[in-house]
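Participant: This is the structure, below, for whatever I ask next.
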Amino acid sequence: MKRAISILVAALMLVGGLSACCEPAAPSAEESGADSVSAGSAKEFIIGCEYSTSSCVYCMNFANAIKEYGEAEGMTVLLTQANRDVYTEISNAESMLAQGAQVVGGIWDDSDACMPVATACAEADAWCVGLLNGLTDRADGYEKYAYVGSENYDGGYLQGQWLAEHLPQNAEIFYMASHDGDQQSLAREEGMLTALKDAGRDDVTVAAREDAHNNRDEGLKIMENWLQAYDNIKCVVTTADETALPAIEAMKAADRFDGDVIVAGFDASAEAQDSIAAGEMSMSVLQDYKAQAKAFIELCIEIRDGKEPTDKIVPFSAVDASNVADYKDY
């Protein structure tokens, strides 16, 4: 009897072993075609960040800072850029969600057209975060939506206050915006114009306005065209340093740049600060990409830890010759 039991146990063990050996192994990430980031542990926290274009120095600095700070917190950080194409922005977001992103943040080029990103995040039970440029009406109706960045209207208002104090009587502004679908650009322009009005500067007018898409080449071309069309350009205002800097170069090349010309930018990039210190660019509005990136990671930590995240607002600062030295570590 004991011998029969022993034989039975051995047989059962053999069958179990064969079953285990015959069961197919789970494919590796390479074999399955899946992205390696989705093959992490169950505790892996994945966040995604997409930015509009690699030609924007500020956007690149911001995205790289998010990657640095996120990885320091043990997060997996996915970065994508879309060359200002709305369909690519939506596709990138869907791709990051497919890779397991619990948070998708984006500097979306068109707040209206990118609303499908919020829908995709909601369907995946992930958080959608507007970075610097929120989605339309703050994506009302979406429970998992937050905003991280600065209030662009306030930044434009700072720019307008500075101009109100420094522009001569009856000054004419030559204004370079981004484009009409860019909500942060529109908010900055509105803030600037409101500040001039609030300061009683009804004498100041906008002589010309062009969309430069915050692109250096376009900014240079627009400035060159203005120099051919207008004899007296004394104030150029832009929504990004990326168009203010080539405007200065165009005026210098045409021998039309002197101490009376005011050029106001936005972002206060390192290059813009050097230009301010050199007495060329008049002022810029500091958009602190480091503080904004840290604020985004703080929000992601709140989500990871099961807390209710809150919007993170980083204030702007006006930078000119009087205080540029204070921002050299930026």
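The values are calculated or read from the model by the stated rules, or taken from the named source; none is laboratory data. Every value quoted in this text rests on a predicted model; they were computed, and no experiment measured them. Counting neighbours? That spans all protein chains shown, and the Cβs are built from the backbone with ideal geometry, glycine included. Accessible surface is based on the protein model in full, side chains and every heavy atom, while ligands, DNA and RNA are left aside. Shrake-Rupley method; radii C 1.70, N 1.55, O 1.52, S 1.80 Å.
Participant: What's the percent breakdown of Cα-Cα distances in region 194-330 across 5 Å bins, shortest bin first?
Facilitator: Distribution as computed: 2, 10, 16, 17, 17, 14, 9, 6, 4, 3, 1, 0, 0 percent.
Participant: Whose amide H sits under 5 Å from the amide H of Val236, counting only residues 5 or more places off or on another chain, with H placed in the peptide plane?
Facilitator: Placed amide hydrogens put Phe174, Ile262, Val263, Ala264 under 5 Å from Val236.
Participant: Here is a further query. Could you derive backbone 3J(HN,Hα) for region 227-232 from the dihedral phi with the Karplus parameters 6.51, -1.76 and 1.60 (θ = phi - 60°), listing whole Hz in sequence and x where the residue is Gly or Pro?
Facilitator: My calculation for region 227-232 gives 5, 7, 8, 10, 8, 10 Hz in order.
Participant: Check which residues have an amide H placed less than 5 Å from Leu78's amide H, if you skip close sequence neighbours.
Facilitator: HN-HN under 5 Å from Leu78: Ile47, Gly48, Cys49.
Participant: Quick check: at a probe of 1.4 Å, how many percent of the accessible area of region 52-109 sits on carbon and sulfur atoms? Could the numbers behind the result be given before it?
Facilitator: On the way: 1020 of 2240 Å².
Answer for region 52-109 is 46 percent, counting heavy atoms of protein chains only.
Participant: Next question. Just subtract the alpha-carbon distance of Glu71 and Ala277 from 0.36 nm times their residue separation and send over the number in nm, one decimal. Please list the in-between numbers first.
Facilitator: Numbers: separation 206, 0.36 × 206 = 74.16 nm, distance 3.45 nm.
Result for the pair: 70.7 nm of gain on full extension.
Participant: Could you derive backbone 3J(HN,Hα) for region 180-195 from the dihedral phi with the Karplus parameters 6.51, -1.76 and 1.60 (θ = phi - 60°), listing whole Hz in sequence and x where the residue is Gly or Pro?
Facilitator: My calculation for region 180-195 gives 5, x, 8, 5, 5, 5, 5, 5, 5, 5, 4, x, 4, 5, 5, 4 Hz in order.
Participant: Then there's this: May I ask you to give the solvent-accessible area per residue for region 193-329, in square angstrom, as obtained with a 1.4 angstrom probe?
Facilitator: Each residue of region 193-329 exposes 46 Å² on average to a 1.4 Å probe.
Participant: Compute the separation of the alpha-carbon centres of region 71-132 and region 187-218 and state it in Å as a whole number.
Facilitator: Between the Cα centres of region 71-132 and region 187-218 lies a distance of 30 Å.
Participant: Quick one: which of 153-159, 262-268, 59-65 comes out on top by average Cβ neighbours within 10 Å, and what's the full order, highest first?
Facilitator: Working: 153-159: 22.9, 262-268: 26.6, 59-65: 20.4.
Ranking the peptides 153-159, 262-268, 59-65 by packing returns 262-268, 153-159, 59-65.
Participant: Follow-up. Rounded if a/c is under 1.5, else prolate if a/b is larger than b/c, else oblate: which is region 143-189, with a ≥ b ≥ c the root eigenvalues of its Cα gyration tensor? Working shown, then result.
Facilitator: Working: a/c = 5.29, a/b = 2.05, b/c = 2.59.
Since a/c reaches 1.5 but b/c is at least a/b, the shape of region 143-189 is classed as oblate.
Participant: Calculate what fraction, in whole %, of the accessible area of region 179-237 sits on carbon and sulfur atoms when a 1.4 Å probe is rolled over the protein chains. Don't skip to the end; give the middle numbers.
Facilitator: Values: 1270 of 2990 Å².
Of the solvent-accessible surface of region 179-237, carbon and sulfur hold 42 percent.
Participant: Moving to a separate point now. Would you pull out the residues with amide H under 5 Å of Ser317's amide H, same chain only if 5 or more places away, H placed 1.01 Å from N?
Facilitator: Leu286
Participant: Here's a follow-up. Starting with the highest mean, order 208-219, 100-111 by the number of other Cβ atoms within 10 Å, averaged over the residues of each peptide.
Facilitator: Details: 208-219: 20.2, 100-111: 24.7.
Those peptides, ordered most packed to least, come out 100-111, 208-219.
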